[in-house]
Amino acid sequence: MNTDSLTHMRSQATQMATIAEMFAKDASRADWLTVDSCGIHADFSRQRINRPLFDALLKELALLDVAGKFARMYAGDVMNVTEERAVLHVAFRGTGTAEKECELAQAQLHSAFSLAQDIRSDDSVDAVINIGIGGSDLGPHMLVKALRRFCNGPIVRFVSNIDPADFDEAIEGLDPQRTVVVVSSKTFTTLETMHNAERARAWMQDAGVNWQDRFVATTAHRDTALAWGIAPHRCLEFYDWVGGRFSVSSVIGFPVMVAVGEEAFQEFLHGMAEMDAHAVQAPLEKNLPALHGALWFMNSVIHQLPTVAVVPYSHDLGQLPAFLQQLVMESNGKGVESSGTAVAHATSPVVWGEAGTNGQHAFFQMLHQGTQVVPVEFVSTVVPMGHDALAHDLLIANMFAQSEALAAGRKGVSSHRDFPGNRPSSVLMLDELTPRRVGSLLAMYEHSVAVQGWLMGVNSFDQFGVELGKELAIDAAHSISQGAALTSQTLTHPLMNWFLEKKRR
Ligand code: F6P
């Protein structure tokens with residue numbers, strides 16, 4: 001976005017009436033700021049936005065040719081310019097015109113479904129442990145919890161952390177003879193994953209299990225997985241044109257396929273495909289990912305609010321904030337534009353959150369009366385997810401009340417008991433928590449992140465910022481194994497020496 005537009009929008013924002021005043025003046029506000037699509041009702045009417053700013057954002061989206069960019073993405077054009085790669089996670093949903101990649105994606109899914117079915121129908125399997133981290137963990141992990149009521153296969157557990165406690169906890173109560181291990185890693189080199197995979201292999205070998213019959217790999221580096229010992233027919237592949245954090249619809253979804261079966265996973269993909277189509281077809285003013293992305297952009301860049309709280313009023317969607325942290329921050333937490341020049345404004349917001357109503361009894365005090373304004377994204381479902389309809393009504397009542405209180409505030413009681421109000425929030429309500437609707441929701445977030453990146457001018461599809469820490473960790477691990485601090489890591493040198501000394505005692 002050029003500086004003039006940004007300056008103009010910021011000045012529109014500072015002259016804006018409060019949310020309550022805008023509601024009072026405009027009876028149609030809830031209509032033009034609400035979108036209903038793909039089973040999602042999105043109410044953006046309690047955002048800090050008026051008609052002129054809304055129109056200015058739509059103009060920016062049109063100038064960017066968001067629909068055209070999605071079409072280029074779906075066609076397999078190089079959208080990840082810094083790594084010169086296509087961005088084709090949509091191929092797994094049958095979306096797009098990149099015929100060769102769509103065919104490959106469908107063939108890869110077919111192999112994954114078939115292996116998942118073998119495992120589901122194998123009486124000698126009680127449990128599956130997925131070993132993976134980041135995009136190779138967060139999406140499937142969140143989905144297995146979100147689709148809990150559809151799980152009818154073996155137990156599925158997840159190990160991501162290099163902390164040995166994570167693996168220890170995952171194998172608790174499991175029999176290595178009756179467990180399948182899935183090593184999920186795009187690169188098949190990630191330190192945490194490979195270490196945990198070695199532990200799992202040793203766990204099986206110690207129990208006399210032929211581990212190769214019990215291991216599956218999902219990876220974009222088949223040769224590396226085979227060299228590690230994965231049996232060729234148990235190695236599920238995808239390609240570099242699927243980014244880790246966008247990989248949940250690829251074979252990285254394998255643990256979910258085992259948990260819920262092919263039919264439910266296909267439903268999930270259908271829900272994603274519906275949102276893929278909506279993203280290119282819907283007019284901008286009713287385009288869910290375009291508007292959602294523009295509003296997140298508005299809060300970060302125009303209103304300059306540095307964080308956003310994602311608060312699912314859905315126990316089963318409890319992992320959504322963790323999933324979105326990677327999707328949003330790894331994608332758009334950048335300091336340079338795609339061209340390499342420094343960005344002149346904020347990029348990714350800090351994403352955080354926790355399921356409601358628990359969050360109300362933890363951090364909502366700060367949201368209502370603290371000095372920092374935090375936009376809140378509430379997410380819930382119309383249909384209850386448990387067996388207590390009254391409890392669900394109370395859950396929804398709490399969510400609506402929080403959104404009202406944040407925006408309306410309350411004045412005139414006392415300085416301690418007053419609420420400033422004018423605090424923005426959105427409410428996204430899914431018809432129900434089915435595979436299809438969760439698919440639409442996740443595809444909406446994937447596309448929203450791309451829209452935010454385009455508005456910010458950054459490349460959402462690379463993640464060079466994770467590299468330095470990984471490189472230094474290898475050197476630091478060497479220091480620890482050798483018992484001598486590296487002189488090159490000068491700033492942590494005293495700390496490393498202290499640790500090595502403690503370890504020696
Ligand atoms: O550290 C970041 C990252 O590269 C993510 O982008 C990725 O999802 C994660 O690590 C795991 O990588 P892999 O699937 O290659 O093990």
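Bear in mind that the values in this text are calculations on the coordinates, not laboratory data. Please read all numbers here as calculations on a predicted model, not as lab measurements. Cβ sites come from the backbone with ideal geometry, for glycine too, and all protein chains shown count toward neighbours.
Table for the structure above
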{"read-out": "Pairwise FRET efficiency - S121 versus L174, Cβ, R0 = 25 Å, nearest 0.05", "value": "0.80"}
{"read-out": "Distance between the range 100-118 and the range 205-274 - C-alpha centres, whole angstrom", "value": "10 Å"}
{"read-out": "DSSP-defined beta bridges in the chain - what % are antiparallel, rounded to 5", "value": "30 percent"}
{"read-out": "Residues with amide H under 5 Å from that of F158, placed H, sequence gap 5 or more", "value": "N130"}
{"read-out": "Global form of the range 171-315, assessed from the alpha-carbon gyration tensor, a/c cut-off 1.5", "value": "prolate"}
{"read-out": "For C235, distant residues with modelled amide H under 5 Å away", "value": "A217"}
{"read-out": "Reduced Cα scattering model of the range 272-358, Debye log10 I(q)/I(0), q = 0.17, 0.19 Å⁻¹", "value": "-0.89, -1.05"}
{"read-out": "Nearest-0.05 FRET efficiency for A389 and E21, computed from C-beta distance (R0 35 Å)", "value": "0.45"}
{"read-out": "Pairs beyond 28 Å (Cα-Cα), from K334/K503; K69/K334; K145/K286; K470/K503", "value": "K334/K503; K145/K286"}
{"read-out": "Exposure proxy order (Cβ contacts within 10 Å, fewest to most) of W498, W241", "value": "W498, W241"}
{"read-out": "Base-10 log of normalised Debye intensity for the chain (one unit scatterer per alpha-carbon) at q = 0.13 Å⁻¹", "value": "-1.30"}
{"read-out": "Beta bridges per DSSP with both ends in the range 310-450, % antiparallel, nearest 5", "value": "15 percent"}
{"read-out": "Average Cα contact separation per residue, the chain, under 8 Å, 6 or more apart, as relative contact order %", "value": "19 percent"}
{"read-out": "Cut-off under 5 Å, modelled amide H: who pairs with V336 long-range", "value": "V343"}
{"read-out": "Residues of the range 343-373 with amide N under 20 Å of the 7 Å Cα→Cβ point at H416", "value": "361-371"}
{"read-out": "Geometric extent, Cα atoms of the range 89-266 - Rg, Dmax (angstrom)", "value": "15.0, 49"}
{"read-out": "Residues D163, D126 arranged by fewest to most Cβ contacts within 10 Å", "value": "D163, D126"}
{"read-out": "In order through the range 217-234: 3J(HN,Hα) via Karplus (6.51 cos²θ - 1.76 cosθ + 1.60), integer Hz, x for Gly, Pro", "value": "10, 10, 7, 9, 10, 4, 4, 5, 5, 5, 4, 6, x, 5, 5, x, 6, 10"}
{"read-out": "Diffusion coefficient, µm² s⁻¹, Stokes-Einstein with Kirkwood Rh over alpha-carbon pairs of the range 46-176 at 10 °C and 1.306 mPa s", "value": "84 µm²/s"}
{"read-out": "Packing-based exposure ordering (other Cβ within 10 Å, fewest first) of H478, H447, H141", "value": "H478, H141, H447"}
{"read-out": "FRET efficiency, S28 to E501 (Cβ-Cβ, R0 60 Å, nearest 0.05)", "value": "0.30"}
{"read-out": "Residue-wise HN-Hα coupling along the range 347-352, computed from phi with Karplus coefficients 6.51, -1.76, 1.60 (Hz; x: Gly, Pro)", "value": "10, 4, x, 6, 9, 8"}
